[in-house]
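Below you'll find the structure, written out as structure tokens, and then a few comments.
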Amino acid sequence: MSSYTTRLSNIEILRLVCILLIVGAHVSGAYWKDLLFLEREIILLYNSFSGMAVTLFVLISGYFGIKFKKSKFFTLVNIVWFYSVVLCLFKISITGFNSQETLRSFFPVLSCKYWFATCYLIIFVLSPFINKLLGNLTKNQFRWLIIILAFFFVIAPTFIYFEILGDKGKGLPNMILAYCIGRYLAIYGFPKYFKLYPKRIFFACILGTFLLNSLITEWRGTMSLPFCRDNSLFILVQSVACLCLFLRYNFVSAKINYLSQFVFPLYISSQSLQFLVDQKRYLVFDNTLLSVLCNFVAIVIVCVLLELIRRAVLGKSFKAVERKELSVVDGIIRHISVWKLKE
């Protein structure tokens, strides 16, 4: 079974790349109209490998196993809440007040304002139970669990297009499936062909996804990415091959590991600032791929600066809030334990 105490920088790079791919995909989404053929094909190609970002991120978590800590959980929740509220107030100052959006912003996890953050936090808090349940399965039982989940939530949506949940794979079932596959690979290893030909499988999936999406786009006359969905078999296989490939190059770098700490804040803050891209405010828009790149870089830089400012100005306050939250939760747990003992 795979585990690590010192974070491997090859994996931290992969996690950072996943988040950057997500940000890039969101930014490029504002340019899907009135594209020339070449520009359309470039965006289709980009989405053919950026589509694996979420699945790959969760695969990594599953492979190394989430070690649940209350302090880490509250750190993540507090980061989500901070950026959700602060950037909501910023949005209000520009676009005006929206009661529903404001309410969602004050309860971002429970309202699923950021679907990835909500699903990941649910898996995080359930990880002790998930890990124990998976650890008690035989190899055959584990394999069949993955096959059944994959059939309903990946294989069927890929080949018949229709989905059970209608969420394009952006939900808890597909993230749990990715986590389970990660745990299986950690315990029993990668399949033979993935170990022998990870590059071939990886690039074959990208090429297949690109060609299929290109054909459908040209046939429909509008941008279509059905094989880039999070519940696409191409995306799942591509993610496994990519993880297998990166695990070959183990090294440790303090600088890279430091940068990887910005992964979660970067995702949340970039999502909150996405309205600037969607509404074409304060950014460069001239319908060229250069403007996509400029806006992507601008969003990333602003988000990193925001996180640096948050840490410098509010770092101690966040720690104090976290200690208070831990104290309250520990108190509730003690009271429940005493109550059960009295029974």
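Limited to the stretch 215-233, what total is found for residues that are over 17 Å from residue 146 (Cβ atoms), of a type outside the set (D, E, K, R), open to solvent by 10 Å² or more (accessible area, probe 1.4 Å) and outside any loop (DSSP other than H, G, I, E, B)?
Of the residues in that region, 6 qualify.
Considering 87, 121, 126, which residue is without any contact (Cβ under 8 Å) to a residue 12 or more places away in the chain, in contact with a helix residue (DSSP H, G or I) (Cβ under 9 Å, 6 or more places away or on another chain) and either acidic (Asp, Glu) or in a helix (DSSP H, G or I) (or both)? So that I can check it myself, show each step before the final result.
Working: 87 fails: without any contact (Cβ under 8 Å) to a residue 12 or more places away in the chain; 121 fails: without any contact (Cβ under 8 Å) to a residue 12 or more places away in the chain.
Testing whether each residue is without any contact (Cβ under 8 Å) to a residue 12 or more places away in the chain, in contact with a helix residue (DSSP H, G or I) (Cβ under 9 Å, 6 or more places away or on another chain) and either acidic (Asp, Glu) or in a helix (DSSP H, G or I) (or both) leaves just 126.
When you scan the stretch 143-163, do you find a residue that is more than 25 Å from residue 229 (Cα to Cα) and open to solvent by 60 Å² or more (accessible area, probe 1.4 Å), even just one? Show your work before the answer.
Residues of the stretch 143-163 that are more than 25 Å from residue 229 (Cα to Cα), as a first pass: none.
Within the stretch 143-163, not a single residue is more than 25 Å from residue 229 (Cα to Cα) and open to solvent by 60 Å² or more (accessible area, probe 1.4 Å).
Can you tell me which residue is least open to solvent (accessible area, probe 1.4 Å) among those in the stretch 288-314 that are modelled with pLDDT of 90 or more and not hydrophobic (A, V, I, L, M, F, W, C)?
Top of the filtered list is 307.
Take residue 71 and tell me if it is open to solvent by less than 50 Å² (accessible area, probe 1.4 Å) and either over 19 Å from the mean Cα position of the chain (by Cα) or over 29 Å from residue 314 (Cβ atoms) (or both). Give the derivation first.
Values: open to solvent by less than 50 Å² (accessible area, probe 1.4 Å): yes; either over 19 Å from the mean Cα position of the chain (by Cα) or over 29 Å from residue 314 (Cβ atoms) (or both): yes.
Yes, satisfied.
Identify, from the list 27, 58, 17, 85, the residue that is open to solvent by less than 30 Å² (accessible area, probe 1.4 Å) and either under 30 Å from residue 218 (Cβ atoms) or among the polar types (S, T, N, Q) (or both). Show your work before the answer.
Working: 58 fails: either under 30 Å from residue 218 (Cβ atoms) or among the polar types (S, T, N, Q) (or both); 17 fails: open to solvent by less than 30 Å² (accessible area, probe 1.4 Å); 85 fails: either under 30 Å from residue 218 (Cβ atoms) or among the polar types (S, T, N, Q) (or both).
Testing whether each residue is open to solvent by less than 30 Å² (accessible area, probe 1.4 Å) and either under 30 Å from residue 218 (Cβ atoms) or among the polar types (S, T, N, Q) (or both) leaves just 27.
Checking the conditions here, which among 190, 251, 194 is farther than 13 Å from residue 51 by Cα, open to solvent by less than 40 Å² (accessible area, probe 1.4 Å) and either in contact with a strand residue (DSSP E or B) (Cβ under 7 Å, 6 or more places away or on another chain) or part of a loop (DSSP other than H, G, I, E, B) (or both)? Please lay out each step first, then the result.
Details: 251 fails: open to solvent by less than 40 Å² (accessible area, probe 1.4 Å); 194 fails: either in contact with a strand residue (DSSP E or B) (Cβ under 7 Å, 6 or more places away or on another chain) or part of a loop (DSSP other than H, G, I, E, B) (or both).
Step by step, each of 190, 251, 194 is checked, and only 190 is farther than 13 Å from residue 51 by Cα, open to solvent by less than 40 Å² (accessible area, probe 1.4 Å) and either in contact with a strand residue (DSSP E or B) (Cβ under 7 Å, 6 or more places away or on another chain) or part of a loop (DSSP other than H, G, I, E, B) (or both).
The values are calculated or read from the model by the stated rules, or taken from the named source; none is laboratory data. Only a predicted model underlies this, so the values are computations on that prediction, with no experimental measurement involved. All Cβ positions, even for glycine, are placed from backbone atoms using ideal geometry, and neighbour counts span all protein chains on display. What goes into the accessible areas is simple: the full protein's heavy atoms, side chains included, and nothing from ligands, DNA or RNA. Shrake-Rupley method; radii C 1.70, N 1.55, O 1.52, S 1.80 Å.
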